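A.B. asks: Sending over a structure as structure tokens; questions will come in a sec.
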Amino acid sequence: MAKIGLDFYSVFSPMAMLETARTLLATAVNYKCPVAHADVPMAFIQQDMDTATWIYPPDGVEFDLLNHLREKFPQPKFALRLMKALYGLKQSPAIWNKRVDGFMTEQGFTRCTSDSCLYYVVLVSLSVDDLLITGNDNDGIKTFRDALNSNFGECTWNDNCSSFLGVNLQYDLVTGVLMMSCPGKIDSLLAKYSGLQKLTSSLVPYATTFKKIDDSVDHQLTDIQECIRENFASIVGACIYMSITARPDITTLCNKACKGMHNPK
């Protein structure tokens, strides 16, 4: 197992703040600029390892050199040197970020001081291998797209961004209206915790009174209460993400729910 300080020295990799992505979108709407989305394919495994890292061949992996060594030296267990950063390695995100930061600098971009994942000539917000791009310089965006494809392979590029980090975007460039929603996040939350599907809906996402869960020894919790109590932190965490992306109407309720995070009742 790779150990920090021995096999690698840094694992920190910044990620764009959600507030930054929202600010970028608001800027695009204000100036009626298009919003594009790019996804770099297999970003991590395109990067060379920056330190010598060795791995045992996974079970089932066979190739001629390895078979030859096993025939000649049946006892030792061979290790292979890892040349590319793999998904799952702790240092892979940092290696990728270092590479993409160098690329952005080469293209003449300036890194924002308040959010190290925001670059500008045209505005580019970087969330690991997902890029959100906007600006009024169409030639500059095209040049950036060509450079991205040249350096990282044929990227998935959408000139009219329809989703980003689980948030659906509906942007009408003519009228300057941007609508954000997250039905996928809601559906996945309900699918993950089936007990939530039994809850009734409400037009107003805030109750004037709250009924506490009776946690006395002789009281039998309902399926819904059991589901909420056991998974309270995860459920509230998902709701917080939705509140700061596309559902500000539930922010107050999320704030109140967080106060019972350590002992939900």
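The values are calculated or read from the model by the stated rules, or taken from the named source; none is laboratory data. Because the structure is predicted, anything quoted here is derived from the model rather than measured. For neighbour counting, all protein chains shown are included, and Cβ atoms are generated from backbone atoms with ideal geometry for every residue, glycine included. Side chains included, ligands, DNA and RNA excluded: accessible areas come from the protein's heavy atoms. Shrake-Rupley method; radii C 1.70, N 1.55, O 1.52, S 1.80 Å.
A.B. asks: Of (1) 21.3; (2) 20.5; (3) 22.4, which is the value of Kirkwood radius over Cα pairs in Å derived from the coordinates here?
C.D. replies: For Kirkwood radius over Cα pairs in Å, the calculated option is (3).
A.B. asks: Determine the gain in length on full extension of the stretch residue 222-residue 159; use 0.36 nm per residue of separation and subtract their C-alpha separation, reporting nm with one decimal.
C.D. replies: Numbers: separation 63, 0.36 × 63 = 22.68 nm, distance 4.85 nm.
Length gained between residue 222 and residue 159: 17.8 nm.
A.B. asks: With springs only between Cα atoms under 10 Å apart, run a GNM on the chain and tell me which of 72, 90, 142 wobbles the most.
C.D. replies: Taking springs between Cα atoms under 10 Å, the residue moving most is 72.
A.B. asks: Rolling a 1.4 angstrom probe over the protein chains, ignoring ligands and nucleic acids, what is the accessible area of residue 113 in square angstrom, nearest 10?
C.D. replies: The accessible area of residue 113 comes to roughly 140 Å².
A.B. asks: Considering the chain as a Gaussian network with a 10 Å cut-off on Cα pairs, which listed residue, 188, 162, 127, attains the greatest mean-square fluctuation?
C.D. replies: Evaluated over the chain, the most mobile residue of the options is 188.
A.B. asks: Roughly how much of residue 121 is accessible, in Å² to the nearest 10, using a 1.4 Å probe?
C.D. replies: Estimated to the nearest 10 Å², residue 121 gives 100 Å².
A.B. asks: Compute, for residue 119, the solvent-accessible surface of its heavy atoms (probe 1.4 Å) with the complete set of protein chains present, and express it in square angstrom to the nearest 10.
C.D. replies: Accessible area, nearest 10 Å²: 0 Å².
A.B. asks: Now, a different point. Mind checking which of 257, 157, 112 is farthest towards the positive end of the chain's charge dipole, using Cβ charges of +1 (Lys, Arg) and -1 (Asp, Glu) about the Cα centre?
C.D. replies: Toward the positive end, the furthest listed residue is 257.
A.B. asks: Could you calculate the contour length gain from residue 70 to residue 145, that is, 0.36 nm times the residue separation minus the distance between their Cα atoms, to one decimal place in nm? Intermediate results must be reported in sequence, preceding the final value.
C.D. replies: Numbers: separation 75, 0.36 × 75 = 27.00 nm, distance 4.66 nm.
Length difference between fully extended and current span is 22.3 nm.
A.B. asks: Here's something else I'd like to know. Picking from 52, 28, 238, which is most flexible by a Gaussian network model of the chain using Cα springs under 10 Å?
C.D. replies: 52
A.B. asks: Given a 1.4 angstrom probe, I'd like the percentage of the accessible area of the stretch 6-99 that is carbon and sulfur, rounded to a whole number.
C.D. replies: Values: 3710 of 6160 Å².
Ligands and nucleic acids excluded, carbon and sulfur give 60 percent.
A.B. asks: Here is a further query. May I ask which residue of 231, 166, 37 lies farthest towards the positive end of the charge dipole of the chain, with charges of +1 (Lys, Arg) and -1 (Asp, Glu) on Cβ and the Cα centre as origin?
C.D. replies: The residue sitting farthest along the positive end of the dipole is 231.
A.B. asks: If amide hydrogens are placed 1.01 Å from N in the peptide plane, which non-local residues have theirs closer than 5 Å to the one on residue 47?
C.D. replies: HN-HN under 5 Å from residue 47: 85.
A.B. asks: Continuing with the same structure: So if I place +1 on the C-beta of Lys and Arg and -1 on the C-beta of Asp and Glu, and nothing else carries charge, what would the dipole magnitude of the chain be about its Cα centre? I want it in debye, nearest 20.
C.D. replies: On the way: 24 positive and 28 negative charges, 135 e Å.
My answer is approximately 640 debye.
A.B. asks: Counting only protein heavy atoms and a 1.4 Å probe, tell me what percentage of the stretch 141-203's accessible area is made up of carbon and sulfur. Could the numbers behind the result be given before it?
C.D. replies: Values: 2110 of 3970 Å².
Here it works out to 53 percent.
A.B. asks: While we're on this one: Please report Rg over Rh for the stretch 59-161, where both radii come from the alpha carbon positions and Rh follows the Kirkwood definition. The partial results should precede the final answer.
C.D. replies: Working: Rg = 20.1 Å, Rh = 16.8 Å.
Reported Rg/Rh, Kirkwood definition of Rh: 1.20.
A.B. asks: Got a sec? What order do 120, 193, 31 fall in by accessible area at 1.4 Å, biggest, i.e. largest, first? Mind dumping the intermediate values first?
C.D. replies: On the way: 120 105, 193 20, 31 155 Å².
Reading off the accessible areas and sorting them downward yields 31, 120, 193.
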